[in-house]
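Engineer: Input: one structure, supplied below.
Only the coordinates and a few stated rules stand behind these numbers; no lab work does. If you're wondering where the values come from, they're calculated on a predicted model, not measured in any experiment. So basically every Cβ, Gly included, is an ideal-geometry build from the backbone, and we count neighbours across all protein chains shown.
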Amino acid sequence: QDAKPRKTRMGRCLGDTIVQFEKAENSSLNLVGKAKGKVVRQSIINPDWDFQKMGIGGLDNEFNAIFRRAFASRVFPPEVVEQLGCKHVKGILLFGPPGTGKTLMARQIGKMLNSREPKIVNGPQILDKFVGESEANVR
């Protein structure tokens with residue numbers, strides 16, 4: 001539109017936050033399913049997961065954070081992601097004390113996505129006293 005800089009307001013997206021996208025006049029993007037005068041709310045991620053059925057009860061907030069971080073960019077068409085310069089998350093490192101559900105969450109996410117079993121790595125097994133052996137253990 002005009003070349004004047006606009007002040008950008010920043011904040012947090014909460015459960016009742018509504019985000020509207022409007023096409024700029026000179027944009028090459030086409031918005032599909034535009035609302036005509038009414039607000040259409042569609043959540044990117046379903047907030048009603050049944051964690052008890054998945055076997056990870058009590059880790060709701062952690063699972064939501066992992067899921068959002070890993071899959072939020074994959075909701076948009078590849079052309080939009082490319083124009084925005086975003087990169088998809090290709091891996092997640094879960095760390096913490098023993099018995100906190102890291103392996104359980106990795107396995108359940110793998111089952112949800114119908115993918116192969118995730119590679120579970122024990123940190124001390126990677127390290128080696130010989131030069132180059134630690135790198136070989138990672139492979």
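Engineer: With +1 assigned to the C-beta of every Lys and Arg and -1 to the C-beta of every Asp and Glu, and no other charges, what is the dipole magnitude of region 51-138 about the Cα centre in debye, to the nearest 20?
Structural biologist: With Lys and Arg at +1 and Asp and Glu at -1, about 260 debye.
Engineer: Also, quick follow-up: Measure off 7 Å from each Cα along the Cα-to-Cβ vector at Asn114 and Ala136, then give the distance between these two points in nanometres to one decimal.
Structural biologist: 4.0 nm
Engineer: For region 51-138, what does the alpha-carbon gyration tensor say about shape, rounded, prolate or oblate, given a ≥ b ≥ c as the root eigenvalues, a/c under 1.5 as rounded, and a/b over b/c as prolate?
Structural biologist: Here region 51-138 falls in the oblate category.
Engineer: Here are some pairs, Lys90/Lys119; Lys53/Lys111; Lys53/Lys119; which of them have Cα atoms lying more than 19 Å apart in this structure?
Structural biologist: In this structure, Lys53/Lys119 exceed 19 Å between Cα atoms.
Engineer: Another question about this same structure. Enumerate the calculated ³J(HN,Hα) couplings along region 81-96 in order (Karplus 6.51 cos²θ - 1.76 cosθ + 1.60, θ = phi - 60°), each rounded to whole Hz, writing x wherever the residue is Gly or Pro.
Structural biologist: Listing the rounded values in order: 4, 5, 5, 6, x, 7, 10, 6, 6, 9, x, 9, 9, 9, 9, x Hz.
Engineer: For region 121-129, in order, what is each residue's ³J(HN,Hα) by Karplus, 6.51 cos²θ - 1.76 cosθ + 1.60 with θ = phi - 60°, in whole Hz (x at glycine and Pro)?
Structural biologist: 10, 8, x, x, 6, 7, 5, 8, 7
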